[in-house]
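What follows is a short report on a single structure.
The values are calculated or read from the model by the stated rules, or taken from the named source; none is laboratory data. What you are looking at is a predicted structure, and each value in this text was computed from that prediction instead of being measured. Cβ coordinates were reconstructed from backbone atoms using ideal geometry, including for glycine residues, and neighbour counts include every protein chain displayed. Surface accessibility is based on the protein's heavy atoms, side chains included, excluding ligands, DNA and RNA. Shrake-Rupley method; radii C 1.70, N 1.55, O 1.52, S 1.80 Å.
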Amino acid sequence: MLSPTSTDVVRATLPVVGAAIGEITPLFYAKLFAAHPELLRDTFNRGNQQAGDQPKALASSVARYATMLVDPATPDPAELLSRIAHKHASLGVREDQYEVVHTHLFAAIVEVLGDAVTPEVAAAWDEVYWHMARDLIAIERGLYAAAGVDPEHVFRDLVVTARVQESPDTVSFVLADPDGAPLPAAQPGQYVSVGVRLPDGARQIRQYSLVRFGGDEWAITVKAVPARTAEDGTAIPEGEVSNFLHRNVFEGDTLQVSPPFGDLILDDSEAPVVLISAGIGTTPMIGMLHHLSNAGSRRPVTVLHADRSPSRHALRRDLKELVATIDGATLVRWYEDLGTRAPRADLAAGLVDLDAVAVPADAQIYLCGPQPFMESVHAGLVAKGVDGDAIRYEVFGPDKWLVG
Ligand SMILES: Cc1cc2nc3c(=O)[nH]c(=O)nc-3n(C[C@H](O)[C@H](O)[C@H](O)COP(=O)(O)OP(=O)(O)OC[C@H]3O[C@@H](n4cnc5c(N)ncnc54)[C@H](O)[C@@H]3O)c2cc1C
Ligand code: HEM
């Protein structure tokens with residue numbers, strides 16, 4: 001808990017800090033990267049900085065945490081902290097870097113809020129920052145210990161033993177230790193961080209869900225993110241790392257890969273499981289289905305997947321084959337463009353239609369896909385009477401939903 005004085009100050013200044021936080025975080029990152037260009041080059045995702053997603057996620061997470069500290073009725077931020085800590089651990093964030101972030105964050109706060117930052121206000125927000133930092137550092141320590149790595153040595157070189165074109169814009173990479181050593185254990189639903197050295201010398205890192213794991217091989221499936229035009233006509237450049245992987249990485253090449261992290265993990269109960277995905281959001285579901293299939297699971301499994309068309313559906317055949325190996329598992333697919341295929345009970349045109357599916361009352365539900373898709377499915381499930389606590393999801397980018 002915060003000290004009583006700080007609680008009062010934070011409560012009183014939360015509206016003004018909250019209102020300015022959208023201005024504070026971009027300035028914070030500008031200061032951080034001016035002092036430490038290597039962080040933008042080698043650790044942070046420069047695409048997310050360009051798009052402004054990461055500054056928004058950081059700002060909202062701090063505001064949400066501060067709200068929790070001063071208002072006990074606010075939901076516990078455990079889920080938020082866990083997501084951030086897993087991401088940090090997969091990137092090798094170190095304890096001493098919290099000092100660096102603190103320096104530039106507070107310099108940005110002072111610059112934006114000016115005289116409003118009295119010594120009392122600064123001290124109170126300092127307490128908030130270190131409260132959150134201590135929580136994150138404690139979880140990250142536990143994650144590094146469990147993975148048997150220290151933050152300086154999170155990445156190891158793995159060799160690409162196979163490359164498979166899954167659909168026009170997705171490729172799978174099978175990864176193994178160059179000496180054939182077994183790879184660390186992973187849990188179904190987890191991801192690895194993958195680092196690549198780009199032509200301009202930057203080491204950029206992205207996360208990819210494990211579609212296959214166990215033994216001495218892992219597999220990831222990467223969608224090449226295309227250049228496109230935003231609704232306001234702005235040109236959006238193509239994704240850096242996904243296209244680099246597609247164009248340049250082949251059998252025999254090495255990638256820097258972290259141990260598995262991520263807290264969207266298939267529960268190990270006997271409850272029915274419902275997996276709902278769209279597009280490349282199928283990857284954690286494929287990992288979970290491999291696990292259920294290998295374990296000879298007898299849990300009732302319902303898989304719902306939406307995609308643009310059968311020909312663009314990455315891992316379509318794996319999905320069908322895996323579902324077929326699990327006793328009583330069912331699969332329903334929706335395609336925006338079904339082509340000339342006739343609709344059936346398990347194959348329909350359009351978007352996911354929850355009215356067409358029975359969701360068991362005690363099901364554990366996992367979602368992955370674009371955020372608008374997940375928000376709409378989430379709302380549909382809740383409208384059907386599903387308990388929101390039974391629904392878990394993965395966002396393939398900074399999670400603005402959790403903090404929003
Ligand atoms: C937990 C997790 C699991 C994931 N699993 C998978 C997976 O299994 N498979 C998979 O394919 N992906 C997965 N992802 C997504 C993946 O990590 C990358 O985000 C994805 O490959 C895009 O990376 P990129 O380097 O190609 O794009 P980036 O260069 O990082 O760009 C990110 C986005 O910003 C846009 N952008 C770039 N510059 C600008 C700008 N100036 N203005 C506006 N927008 C801009 C890009 O077009 C792109 O949409 C996962 C992500 C997470 C967090
Ligand atoms: C209290 C301090 C901190 C807070 C509140 C915080 C918060 C966050 C949040 C909310 C995310 C996005 C998580 C997601 O949804 O994916 C994130 C990601 C990240 N954080 Fe932190 N963080 C803190 C400290 C640090 C430190 C000390 C570093 C080390 C330099 C760091 C480096 C990163 C990086 C590299 C990412 C991924 C960014 C990206 O890929 O776009 N953070 N952090």
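Some observations on this one:
- Alpha carbon centroid spacing (whole Å) that separates segment 1-67 from segment 99-137: 9 Å
- Pairs of Cα atoms farther than 32 Å apart, the chain, %: 39 percent
- Test item: Cα-centred dipole of segment 273-403, Lys/Arg +1 and Asp/Glu -1 on Cβ, debye: 360 debye
- Fraction of accessible area attributable to carbon and sulfur, the chain (%, probe 1.4 Å): 54 percent
- Taking the convex hull of Cα positions in segment 207-344, its mean projected area over all directions (nm²): 11.2 nm²
- Label-point separation in nm, W130 to D327, each point 7 Å along Cα→Cβ: 5.7 nm
- Label-zone membership for segment 236-254, site T161, 7 angstrom Cα→C-beta point, backbone N under 17 Å: 250-254
- Simple label model, 7 Å out from Cα along Cβ direction - T5 to V382, nm: 4.0 nm
- Restricting segment 313-365 to trypsin sites (Lys or Arg not before Pro) that sit in a DSSP loop and have at most 15 other Cβ atoms within 10 Å of their own Cβ leaves R341.
- Low-density loop cleavage sites - GluC sites (Glu not before Pro) in segment 301-378, where at most 16 other Cβ are within 10 Å (DSSP): E336
- Considering only alpha-carbon pairs that sit under 8 angstrom and 6 or more positions apart, the relative contact order computed for the chain is 15 percent.
- A 1.4 Å probe run over the protein chains yields, for the chain, 45 Å² of accessible area per residue, whole-number rounding.
- Per residue, the Cα convex hull of segment 137-176 amounts to 111 Å³.
- Comparing mean-square fluctuations of A116, A145, A230 from a GNM of the chain with C-alpha springs under 10 Å, the top value falls on A230.
- Length available on full extension from H153 to A230: 0.36 nm per residue minus the Cα-Cα distance, which gives 23.9 nm.
- Linear extension gain, N294 paired with S311, 0.36 nm per residue minus alpha-carbon span: 3.4 nm
- Over segment 155-257, equivalent-ellipsoid semi-axes from the Cα gyration tensor in Å: 26, 15, 13
- Whole-Hz Karplus values for segment 286-297 come out as 5, x, 5, 5, 4, 5, 4, 5, 5, 7, x, 4 Hz, taken residue by residue from phi with 6.51 cos²θ - 1.76 cosθ + 1.60 and θ = phi - 60°; glycine and proline positions read x.
- Pairs beyond 29 Å (Cα-Cα), from K223/K320; K223/K384; K56/K223; K87/K384: K223/K384; K87/K384
- For the chain, share of DSSP beta bridges that run antiparallel, in % to the nearest 5: 55 percent
- Residue-level accessible surface for V164, protein heavy atoms, 1.4 Å, Å²: 60 Å²
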